[in-house]
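Read the structure below first, then the notes.
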């Protein structure tokens, strides 16, 4: 394990702590669960403007956080493995799946595991296990 | 204050995703490649996050108090482990494995300017909308 690898892992832990802090502060402040598919997906439904405002602000904040990182460091690691039609099929699976299962990595993972919900634990184990099997079949980064 | 809190926490979330390199599908797929060249980064990200949320959410529940800027906590109401949950999580798992993007990182990664990622988000949002319609029509 090289120093560069150690820094990547440290950054992972640091980013994770920030994400957890974000979810906790959103809960304490607004009583809401920081599930991105739920928050952003709620914008596609008819809802009162009061319900839309905080959702829109969270999504704008999400973009601003990533943009601030990009502007302050000058680079952003973003390497696609799949492009074109396969990527859009993936997007449809992600969209349909997170709506049907009512949550994604943040809602079921970060928050659901946080509140020790059996439902979220089952969802998280399911999507990680299915994803690992899928990558085993179609290949990893060098597919 | 609700909207401001949401904006600030969204910012922290996006910053956390960028710092941890989770905006890169290659890292996510590397984590999922358990039987290949495994990349442990995502495990540390998830571990770091629940290191905060497990004690934090338990504390929030034990306070027996309202949220700072809202009348009540919006805890998820469903607790049953049913077919839509399993099927949805499985479909999501397949999509996550193909693209290496889940909703949060996909939205935040649009800042890279990649048209592919922007198209991914557009298809994902359209799929949310369509799935909502189908679910509403069936119930």
Next on the checklist: Please state the shape class of the range A:61-143: rounded when a/c is under 1.5, otherwise prolate if a/b exceeds b/c and oblate if not, all from the C-alpha gyration tensor.
Outcome noted: oblate
Next on the checklist: Given contacts defined as C-alpha pairs under 8 Å and at least six residues apart, what's the relative contact order of chain A, whole-number percent?
Outcome noted: 27
Checklist entry - So for the pair residue A:71, residue B:61, with labels modelled 7 Å out along Cα→Cβ, what separation do we get in nm? => result 4.0
Next on the checklist: How big is the protein assembly as shown along each principal axis, measuring the range of its Cα positions in Å and listing the largest first?
Outcome noted: 50, 46, 33
Checklist entry - Quick one: Cα centre-to-centre distance for the range A:51-75 and the range B:71-105, in angstrom? => result 22
Checklist entry - How crowded by other chains is B:125-138, given as the mean number of beta carbons from other chains within 10 Å of each beta carbon? => result 5
Checklist entry - Taking the range B:83-122 on its own, what percent of its Cα-Cα pair distances exceed 16 Å? => result 39
Next on the checklist: Compute the orientation-averaged projected area for chain A from the convex hull of its Cα atoms and round it to one decimal in nm².
Outcome noted: 11.0
Item to check | For the range B:2-138: relative contact order, % (alpha-carbon pairs under 8 angstrom, 6 or more apart) | outcome: 27
Checklist outcome for this item: Counting every C-alpha pair in the range B:61-139, the percent lying more than 23 Å apart is 45
Checklist outcome for this item: Quick calc of log₁₀ I(q)/I(0), the range B:2-138, Debye, one scatterer on every Cα, no solvent, q values 0.10 1/Å, result -0.46
Checklist outcome for this item: Label model pair residue A:125, residue B:43: point-to-point distance (7 angstrom along the Cα→beta-carbon line) in nm is 1.8
Item to check | Where a label projected 7 Å from the Cα of residue B:133 along Cα→Cβ would reach, residues of the range B:103-117 with amide N under 13 Å | outcome: none
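No value in this document is a laboratory result; all are computed from the given coordinates. Because the structure is predicted, anything quoted here is derived from the model rather than measured. Counting neighbours? That spans all protein chains shown, and the Cβs are built from the backbone with ideal geometry, glycine included.
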